[in-house]
Ligand SMILES: Cc1cc2nc3c(=O)[nH]c(=O)nc-3n(C[C@H](O)[C@H](O)[C@H](O)COP(=O)(O)OP(=O)(O)OC[C@H]3O[C@@H](n4cnc5c(N)ncnc54)[C@H](O)[C@@H]3O)c2cc1C
C-alpha cells in the first residue's frame, strides 16, 4: 500500500526544510517532509550563520526568529589539532546558533505553511518507473509523489553522488582574514 503526496522532501536539515517551505509557498500542493531523526536532532556543526546565509534567511522571512536566539560574532578563528590557525573576520556581521534550534526553526516554519512532517522515518530508496522518479521507499512503506527532492545530507546514498571531492571556499564579505579568497578546503567523501 502506498501513500500519495504532490511533493516529497527527504531530509529535514536546512536544505530540505527550506525547500519544503518554499515549495509550500509556491503552491506545490500536499508536501511531505520526511526525516529519519526526531525534530531537533543534534548534529555536529559549528552553528555559524554566514552573512550570506543571513541574507537568505531575511529573504525567507525567518531572520527575526533566528536572530532572537543567535549570538552575534564578528569573526572566527579555526585552530587545527596541529596548531595551525585560520582567522576570518570582516565588516559583515555573522551569528552562531545551536544547530538543533536552527533546524527546528526552519522545519517549524515549513509546518506552519502546511508541510506535513514525518519524523523518525528512514528512507531506503527512491522508486523509479519508466525512467522517472515517482516516490520513495521508507519505514512507513511506499510514498508516491509528483516531485521528489532528496536532501538527506552530504553522505546521502539515495542518489548517485556526483561529488567525489567536495570543495568549499570560505567567503566572508569584506574579509580581512588570513585565508586568501582563492584558498579552498578539499576533502574526499567516503561512501561505505
Ligand atoms: C563538524 C562540522 C561543523 C560545521 N559547521 C558549520 C557552520 O558553522 N556553519 C555552516 O553553515 N555549516 C557548517 N557545517 C556544514 C553544515 O552542517 C551542512 O552544510 C548542513 O548541515 C547541510 O545541510 P543539509 O540540509 O544539506 O544536510 P543535513 O543537515 O545533514 O540534513 C540531512 C537530514 O537528512 C536526514 N536523513 C539522512 N539520511 C536519511 C534517510 N535515509 N532517511 C530519512 N532522513 C535522512 C538526517 O537526519 C538530517 O536531518 C558543519 C559541518 C560539520 C560536519
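Throughout, read-outs are computed from the coordinates displayed, never taken from laboratory work. Note that this is a predicted model, so its numbers are computed, not measured. Virtual Cβ from ideal backbone geometry, glycine too; neighbours counted across all protein chains shown.
Distance from the alpha carbon centroid of region 34-78 to that of region 110-137 works out to 25 angstrom.
Take every DSSP beta bridge whose two residues both sit in region 1-158, then give the antiparallel share in percent to the nearest 5. Antiparallel bridges make up about 55 percent of those DSSP assigns within region 1-158.
Please list 112-125, 142-155 highest first by mean number of surrounding beta-carbon atoms within 10 Å per residue. Write down the numbers at each step before the final one.
Working: 112-125: 15.7, 142-155: 17.3.
Averaged packing, sorted descending, gives the order 142-155, 112-125.
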